[in-house]
Amino acid sequence: GTYSPSAGSAACSVCAAGTSSPSGSAACSVCAAGTYSPSASSASCSACVAGTYSPSAGSAACSVCAAGTSSPSGSAACSVCAAGTYSPSASSASCSACVAGTYSPSA
C-alpha cells in the first residue's frame, strides 16, 4: 500500500484509493477494470463481487448492476438478460430462466 519512487528515500508514500502496491514497490499499480481498491494504502486490488461491476481502471468502488442485468465476480460490465431469462432485482449474479407459462420476449 506504499511505495518509494527513488533510491535514498527517507519515507514511503501512500498509494491512493483505486491503486495498490505490494511490499517493496517503486510505484503504485492502478486497479484493472472489474477490480477496486476502496481505501488508500491497499496492498492489492479486489475483484468486484457478483452483481457489481467496475467499468474502468482505477476504481475505488464497484457499481451495482440494475434489474434485468447480471454479472459474475470481477466484471467490467453487466450483461443484459437474454430473451427467456430475467433478473428481478439489482445486484444479480446471474439471470434466471422464465418458469413454465411465462416469458421474457426481448433483451
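Worth pointing out:
- Taken over segment 64-82, the criterion of being outside any loop (DSSP other than H, G, I, E, B), open to solvent by 50 Å² or more (accessible area, probe 1.4 Å) and either without any contact (Cβ under 8 Å) to a residue 24 or more places away in the chain or of a type in the set (S, T, N, Q) (or both) is satisfied by S79 alone.
- Search result, residues across segment 16-27 that are under 18 Å from the mean Cα position of the chain (by Cα) and without any contact (Cβ under 8 Å) to a residue 40 or more places away in the chain: A16, T19, S20, S21
- Scanning segment 83-94 for residues that are surrounded by 16 or more Cβ atoms within 10 Å (Cβ to Cβ) and among the polar types (S, T, N, Q) yields T85, S87, S91, S92.
- Just one residue in the set S25, S54 is open to solvent by less than 40 Å² (accessible area, probe 1.4 Å), modelled with pLDDT under 95 and polar (S, T, N, Q); that residue is S25.
The values are calculated or read from the model by the stated rules, or taken from the named source; none is laboratory data. Because the structure is predicted, anything quoted here is derived from the model rather than measured. Glycine also receives a Cβ, built like all others from the backbone with ideal geometry; neighbour counts cover every protein chain displayed. Ligands, DNA and RNA are excluded from the accessible area calculation, which covers all protein heavy atoms including side chains. Shrake-Rupley method; radii C 1.70, N 1.55, O 1.52, S 1.80 Å.
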